[in-house]
Every structure is written in structure tokens, then in C-alpha cells.
There are 2 protein chains.
Amino acid sequence: MICSAAALFSSRGLSGTSFSDVIADSGAPRGSIYHHFPGGKTQLAADVIAWTSEQVLAHLRACPADTARGVLAWFIELWRRSVQASGASAGCPVAGIVVDVDRDADAGAAAGDLTGQARAAFADWTGVLAGQLQATGMPEARARSVATASLAAMEGALILCRVERSSVPLEDTARELLNLVP
Amino acid sequence: MICSAAALFSSRGLSGTSFSDVIADSGAPRGSIYHHFPGGKTQLAADVIAWTSEQVLAHLRACPADTARGVLAWFIELWRRSVQASGASAGCPVAGIVVDVDRDADAGAAAGDLTGQARAAFADWTGVLAGQLQATGMPEARARSVATASLAAMEGALILCRVERSSVPLEDTARELLNLVP
DNA sequence: GTCTATACGAAGATAGAC
DNA sequence: GTCTATCTTCGTATAGAC
């Protein structure tokens, strides 16, 4: 169900996806939603962020490369698979959530704070990526900068791919990204 | 009113923004919405895309640079202003719209086709940018690739800035982007 | 735990008066 | 053209039976 919601959020956004959509898509029982997600839609979104983050981290940790170029290529491969599997229709679920959330209203809310959860997820991703770049001999400051830029480039590339109905923007972005490192 | 809607779409997404929000924010009269936007919310979104696109193109056309690095810096400056003016809260209005739209359902719709309008806008932006890069002596294929990657990087950077509540991701991304060209 | 039914509110869109 | 009022739909969330 979380998996299903992640797919829907990535292609229609958080506000654009209703509980009914998630139920219809996942086949989950309607009456038991609030047993599993007492916090309602916000909690579902929070769980989607956590689940997505874990998926990303699992991929990153399996990185076999020991060169900066190889590390970036492995990172890019994660997003390439997402684009190809969905016919260039899926974006990043986390992006689909945060774009729909009023950041300031969200920060005040005691329960939820989706923006904060997304921030933590992004920080984890760039942290691991920067660590791997450092391990190839790149200085820490540069590694963090490259990691942030890489995530930004991929998030944006996914948006462009969706709009273009094509994986070309991802490949263009990937090619240039690899030009950043020796 | 379009300007107001653009700001709201960029910070809360299309589905996350209601007509009431736009009215409250812009001070426009409630009863006359459907005089100005007979197509309803979809048409408002379409007009926001067109308006935003024109803003971006106007900025790009005013580019004073004649080096690849200068061209990219000018392009980056456009997004930097947006981030700084909003306290890192605003994303790209076009991104806020397309993320919330079901791409496939949208393509079938006769009226609207927001994804198509967004595609045209992005194509215009990268087209102008690629042209300027070519004018500095960059080969066409590379210029198009760099232009696409630059737009992707900025769109993604805006998302990261919003989540981080900081302009640092933009600056990191900008620094690396400039490393792509001599 | 899962289901059906429903309360409650919000949002898009329309009608008709001024 | 603009306003008020309203209709209809939809979505979240809850209540209570099985």
C-alpha cells in the first residue's frame, strides 16, 4: 500500500492523490486504513517518505564503484530505472509530496512535519553519496557540493522526463553530471 | 491574479491551491473568475504557465554575457532571485503545476493539456539557452545537452532549497554547473 | 481487523440579482 | 462586471456492525 501510494504521489502529487485512489490502486481494504495509518493522509505521506528513503539508501549502499565517476553513475542508475520502469511517468515520490505541502504551515503542525522528514531523507541521501565520493579521494567540501548538485539534477531531470514523455532529459543531465568528475 | 496564482502554485502546488486561496491572496473579486477564466482552474494554470514562461524568456533575452560561463551564470541568477525573494520558499510555478497533473489523463483532455503547455515552455527556455551557448562557440549538440542539464539542475535545486529552507543547495548546484563550461 | 454507512467540510462551478 | 448565494461533487475522517 505504501508502495502504491509512492507511485501515485510520484505521478500526481500528494494533493492530487486521494485515499480512494490509493485503495483502488493497491487493492487494500478501505475500512482498515485508519488502523494502519491513525494519522491519516499525513502519516501515509510520512511513511512513504521513510519507505522511499530506505529504498534509495539500500541502492546507494550497494554501490560497487570506487571511482567518483562510478559512484555518480551508480547514483544516476537509480533514477534511470525509475524513469524506464514507469515509461518516464514517475517522478520522485518525495518531491511529489513536498511540492504540495505548504512548508510554513507544515512546520507549525505538531504531527507530521513532512517537510522536515523530506529534509532528513535528502540529507541522508546526499550524506551517503558525499561519503562515497570522499572515499574516492575527493575533498569533503567538494564531495558535499557535488552530491547536492547531483541530487538536484536528478530531481529536476525526473520532472523534465515526465513532461517530455522521454528519458532524453535524464540522459542529457546524466552525461553532463559525469563531466563534473575525472 | 495570475501573478498571485503563480506564487501559490510554486509554494503549494496546483492541487494544493484552491480558488479561494488565489482570491484571498490577490484581492480579486470572487464573482468574476469565470469571466476571466471560462475554463476554470485548468485555464488559470495554463495562463500561469504562459505568463511564467514569458517572464523567464524576458530574463534570458536580456542576457549580457558572451561567454558560456556568463550565459549560465545569467540563467542561474534568474532562479537565485526567486529563491532569495521568497525566503527559499518558492519553487518553479510550472513544476508546481506539472507535478500535480496526471500526465496521461491530461493528454487525453481536449481543453487544457497542461503537460503539453509545460513541455512547450521548457522547450522554449532550453532552446534560447542552447542558442546563447552556441553563440559562444559551443557545438550544438553539447549546447542542447548543457541547457537541458542546467534547467534540470535548477528545477531540482529549487525543490531542495524549499525543503532545506536555505539557498545553499542552489549555490552548491550553481557552482558545479559552472564547472561544466570553461 | 475489516466492512458499510455516514457525518462533515472543502472546493469547483453555476445562477441570478445588482 | 461584480456580488451573493447555492448546487454538486468529492475527500477526509468517524462510527458502529460483523
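The values are calculated or read from the model by the stated rules, or taken from the named source; none is laboratory data. Quick caveat: nothing in here was measured; it's all calculated off a predicted structure. Note: ideal-geometry Cβ built from the backbone for every residue, glycine included; neighbour counts use all protein chains shown.
Okay, here's what the table says:
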| item | result |
| --- | --- |
| Region A:146-171 - residue that is in a helix (DSSP H, G or I) and surrounded by fewer than 24 Cβ atoms within 10 Å (Cβ to Cβ) and, of those, nearest to the other protein chains (Cβ to nearest Cβ) | A:Glu164 |
| Breaking point among (1) surrounded by fewer than 20 Cβ atoms within 10 Å (Cβ to Cβ); (2) facing another protein chain (nearest Cβ under 9 Å), for B:Asp106 | (2) |
| Every residue from region B:29-44 that is loosely packed, with under 15 Cβ neighbours inside 10 Å and either within 13 Å of chain A (Cβ to nearest Cβ) or within 12 Å of DNA strand D (Cβ to nearest atom) (or both) | B:Pro29, B:Arg30, B:Gly31, B:Ser32, B:Tyr34, B:His35, B:His36, B:Pro38 |
| Test: residue in region B:119-134 that is in contact (Cβ under 8 Å) with a residue 24 or more places away in the chain, more than 12 Å from the chain's Cα centre (by Cα) and closer than 26 Å to A:Arg103 by Cβ | no |
| Set B:Ala45, B:Ala65: member being away from DNA strand C (no atom under 16 Å from the Cβ) and of a type in the set (A, V, I, L, M) | B:Ala65 |
| Complete set of residues in region B:45-67 that are over 28 Å from B:Ile159 (Cβ atoms) and either within 14 Å of another protein chain (Cβ to nearest Cβ) or within 16 Å of DNA strand D (Cβ to nearest atom) (or both) | none |
| Filtered residue count, region A:172-182, keeping only those that are assigned to a helix (DSSP H, G or I) and at the interface with chain B (Cβ under 8 Å from one of its Cβ atoms) | 5 |
| Count - residues of region A:3-21 that are surrounded by 19 or more Cβ atoms within 10 Å (Cβ to Cβ) and more than 13 Å from DNA strand C (Cβ to nearest atom) | 11 |
| Some residue of region A:68-82 being within 16 Å of DNA strand D (Cβ to nearest atom) and part of a helix (DSSP H, G or I) | no |
| Some residue of region B:81-94 being within 20 Å of A:Glu155 (Cα to Cα), surrounded by 15 or more Cβ atoms within 10 Å (Cβ to Cβ), among the β-branched types (Val, Ile, Thr) and touching a Phe, Trp or Tyr at 6+ places or on another chain (Cβ under 9 Å) | yes |
| Pairs with Cβ under 9 Å, 6+ apart, first in region A:20-36 and under 14 Å from A:Leu8 (Cα atoms) and polar (S, T, N, Q), second at pLDDT below 90 and near DNA strand D (Cβ under 9 Å from one of its atoms) | A:Ser20/A:Arg30 |
| Conditions (1) over 24 Å from A:Thr17 (Cα atoms); (2) buried (at least 21 other Cβ atoms within 10 Å of the Cβ): number failed by B:Gln55 | (2) |
| Helices (runs of 4 or more DSSP H) contained entirely in region B:6-64, each with at least 2 residues that are under 25 Å from B:Gln132 (Cβ atoms) and at pLDDT 95 or above | B:40-61 |
